[in-house]
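All remarks here apply to the structure that follows.
The values are calculated or read from the model by the stated rules, or taken from the named source; none is laboratory data. Predicted model, so just to flag it, every value in this text is computed and none were measured. Here the Cβ positions follow ideal geometry from the backbone for every residue, glycine too, while neighbour counts run over all protein chains shown. Only protein heavy atoms, including side chains, enter the accessible area calculation; ligands, DNA and RNA are left aside. Shrake-Rupley method; radii C 1.70, N 1.55, O 1.52, S 1.80 Å.
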Amino acid sequence: MSKKSGLPLGIDVGGSGIKGAPVDLKKGEFSGKRKRIDTPAKSTPDAVGDIIGQIVDHFDEVRGDSPIGITIPGVVTKGVVRTAANIDKSWLDFEAETMLEQKLGHDIVLVNDADAAGVAELHYGAAKGQQGLVILTTLGTGIGTALIHNGVLIPNSELGHLELDGFDAEKRAASSIKDNEGLTYPEWAERLQRYYSHLENLLWPDLFVVGGGVSKDAEEFLPLLRLRTPIVPAQLENKAGIIGAAHLAQEYHDSQ
Ligand code: BGC
């Protein structure tokens, strides 16, 4: 990247807010204060695109050649959103990446939110330098997962939707369920135990990284788990999605 190039921008599209920041990829840090705008009530690709446009305009570090990485809480293949468990259904099967490129005039990479967080933790956080298989899980409204093998992301793993005791796993073990059902940490940890045991018996990972807002309270529940796989909290907190999206966007831009 030449000195005059703009910095990549990472944007995290969530249920309540759309957040973005330019990212210094050498340091793995935001280079400016994060900008957040409420997610519109009807969060169609067009409405979300308008807000992303406002976030792009907000930052001087973002120039015409700045690539933009955008996280989506669903499966994304070839720039098309394929599942929408927790976002507006109008994203489904829509050529969102192409539409956003035309609308914003930047190279755009759309990526699953957990995959972006996994890439950030791999390069700058809890999974830095880790060989073998890393599984990052984000515990939030749902459960997102990222699979990374020897530093290579295997996208769209969707292991939050494994069946657990007859339920979709995220409907039993996401942190939103802990809150909604008023579970104590030990009660919730029993469900996490079932979930992570199931995952490690299927995939035999070398490391679990646990992200999502609740990971700041990791000492309340991670020590209660009995697993053969080391399990550690994520390090980049709610910055991981933005940093990982920017990283992937720059990587894609440089490969063109
Ligand atoms: C979605 C995933 C997403 C996760 C976290 C799940 O419901 O299926 O794609 O990564 O929520 O937002």
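Annotations
- Residue 66 vs. criteria open to solvent by 10 Å² or more (accessible area, probe 1.4 Å), more than 16 Å from the ligand (Cβ to nearest atom) and in contact with a Leu (Cβ under 7 Å, 6 or more places away or on another chain): no
- Any hit, region 44-59, residues being in contact with a His (Cβ under 6 Å, 6 or more places away or on another chain) and surrounded by 16 or more Cβ atoms within 10 Å (Cβ to Cβ): no
- Answer residue from region 173-194, given it is closer than 14 Å to residue 140 by Cβ and in contact with a helix residue (DSSP H, G or I) (Cβ under 6 Å, 6 or more places away or on another chain) and is surrounded by the most Cβ atoms within 10 Å (Cβ to Cβ) among those: 173
- The conditions of being touching a residue at least 60 places away in the same chain (Cβ under 8 Å), within 16 Å of the ligand (Cβ to nearest atom), under 18 Å from residue 251 (Cα atoms) and not in a helix (DSSP H, G or I) are not met by residue 119.
- Looking at 15, 20, just one residue is under 19 Å from the mean Cα position of the chain (by Cα), assigned to a loop (DSSP other than H, G, I, E, B) and either surrounded by fewer than 17 Cβ atoms within 10 Å (Cβ to Cβ) or modelled with pLDDT of 95 or more (or both), and that residue is 15.
- The residues on offer are 135, 87, and the sole one that is within 14 Å of the ligand (Cβ to nearest atom), in a loop (DSSP other than H, G, I, E, B), crowded, with 19+ Cβ neighbours inside 10 Å and in contact (Cβ under 8 Å) with a residue 40 or more places away in the chain is 87.
- Single condition residue 61 does not satisfy, out of (1) at pLDDT 95 or above; (2) not in a helix (DSSP H, G or I): (1)
- Comparison of 184, 229 shows that the only residue that is polar (S, T, N, Q), in contact (Cβ under 8 Å) with a residue 24 or more places away in the chain, over 23 Å from residue 85 (Cα atoms) and not assigned by TED's automatic domain parsing to the domain that holds residue 33 is 229.
- Selection within region 154-172 - more than 17 Å from residue 210 (Cα to Cα) and open to solvent by less than 30 Å² (accessible area, probe 1.4 Å): 164
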